[in-house]
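Below: the structure, in structure tokens.
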Amino acid sequence: MREKLKALAELQKVDMEIGALRKSAEVYPKQIAELEKELAASREAVEAERARLLELERQKAALEQNIADEKEKVKKWESRLSEQRSTREYAALAREIDIAKKATAAQAEELSEVARQLAVQREALKAKEQEHSARGDQVGGKVAELKKKAAETEAEIRGIGERRTKAASAVDPALARRYETVRKKRMPALVPVLPPGTCQGCNMNLRPQLYNTLRSTLGTDVCPSCHRIIYASEALEGPAAK
Ligand SMILES: [Zn+2]
């Protein structure tokens, strides 16, 4: 009886190890996805800075074009000033020229402000690009490390698979079937019963008769409330006996 129990306890130990490894393997893809998300956010920040830069460049080009057009216009008007026949016409054109020149001066001021912002924005973009590039190296390193760990864990699980086959072959077939059924629903599937007869799976107290039988046979039974395979704790801990 006791040998059967020991074989099953060994199998469960292997299964718990596999379970713990699988659980730790689950975190790697999540961590990798998290890092990639972070990197995407950093890339978006760079793109936002670049968009601001392009917008300022667009403003600068438009202002330069406007100023050039205005200057061209003023030049033409000035050349036509001498052709004006009446004083009234002359004064009207001179006034237009004055308005255009003032407008051009205001735009030139605006242009120098945009040029100043552009210089600041170029620095901001450069800083974000450097930040992103450093983050990329960092994330790349971390992702590679996590992938390596995941592969190592997988290899470890495969290695334990062989140990499990060996441990499973030592378990009594009827007990193994019972164990497999319980294992799908709850782990651990095999639990000790401690005095005064408490199932360590569900904390319910067994009938005294059932507990006494477990203690005297040092074998296994099924917990009436949680249906786990149970044994008296001394069966695995006590002095060797058959
Ligand atoms: Zn129970």
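The values are calculated or read from the model by the stated rules, or taken from the named source; none is laboratory data. The model shown is predicted, which means the values in this text are computed figures rather than measured ones. Reconstructed Cβ throughout: ideal geometry from the backbone, glycine too, with neighbour counts over all protein chains shown. When the accessible area is computed, the model is the full protein with side chains, heavy atoms only, and any ligands, DNA or RNA have been set aside. Shrake-Rupley method; radii C 1.70, N 1.55, O 1.52, S 1.80 Å.
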Practice problem: Give, in nm to one decimal, the length gained when the segment between SER112 and GLU3 is fully stretched (0.36 nm per residue of separation minus the Cα-Cα distance). | Solution: 30.2 nm
Quiz prompt | Degrees, to the nearest 10: 208-217 long Cα axis against longest axis of the chain | solution = 80
Quiz item: In percent, what relative contact order does the chain have, based on Cα pairs under 8 Å that are 6 or more apart in sequence?
Solution: 31
Self-check item: Backbone HN-Hα couplings from phi across region 37-46 [Karplus 6.51/-1.76/1.60, Hz, Gly and Pro as x]
Solution: 5, 4, 5, 5, 5, 5, 5, 4, 4, 4
Quiz item: Using alpha carbons only, how many degrees (0 to 90, rounded to 10) separate the axis of helix 173-185 from the longest principal axis of the chain?
Solution: 30
Self-check item: Where a label projected 7 Å from the Cα of GLU237 along Cα→Cβ would reach, residues of region 155-199 with amide N under 15 Å
Solution: 191-199
Quiz item: Efficiency by 1/(1 + (r/R0)^6): what FRET value for THR217 and ALA20, r their Cβ-Cβ distance, R0 = 25 Å, to the nearest 0.05?
Solution: 0.20
Practice problem: Quick one: accessible surface of SER112, probe radius 1.4 Å, all protein chains present, in square angstrom to the nearest 10. | Solution: 70
Quiz prompt | 26 Å Cα-Cα threshold exceeded, pairs from LYS101/LYS126; LYS126/LYS147; LYS13/LYS142; LYS37/LYS148; LYS23/LYS185; LYS149/LYS185 | solution = LYS101/LYS126; LYS126/LYS147; LYS13/LYS142; LYS149/LYS185
Exercise. Starting from the Cα-Cα distance between ASN203 and ILE157, subtract it from 0.36 nm times their residue separation and give me the gain in nm to one decimal.
Key: 13.4 nm
Quiz prompt | Estimated vicinal HN-Hα couplings, Hz - region 193-200 in sequence order (Karplus 6.51, -1.76, 1.60; Gly, Pro = x) | solution = 10, 9, x, x, x, 8, 5, 7
Self-check item: Set of aspartates and glutamates near LYS102 by C-alpha distance (under 18 Å), chain-local residues within fewer than 8 positions excluded
Solution: GLU64, ASP69, GLU70, GLU72, GLU78, GLU110, GLU113
Quiz item: Dipole of the chain (Lys/Arg Cβ +1, Asp/Glu Cβ -1, origin at the Cα centre): which of PRO224, ALA25, ASN212 lies farthest to the positive side?
Solution: ASN212
Quiz item: Which residue fluctuates the most in the chain, going by a Gaussian network model with Cα springs under 10 Å, if the choices are LEU218, LEU118, LEU81?
Solution: LEU81
Quiz item: How do ARG2, ARG186, ARG22 rank by accessible surface area computed with a 1.4 Å probe, from largest to smallest?
Solution: ARG22, ARG186, ARG2
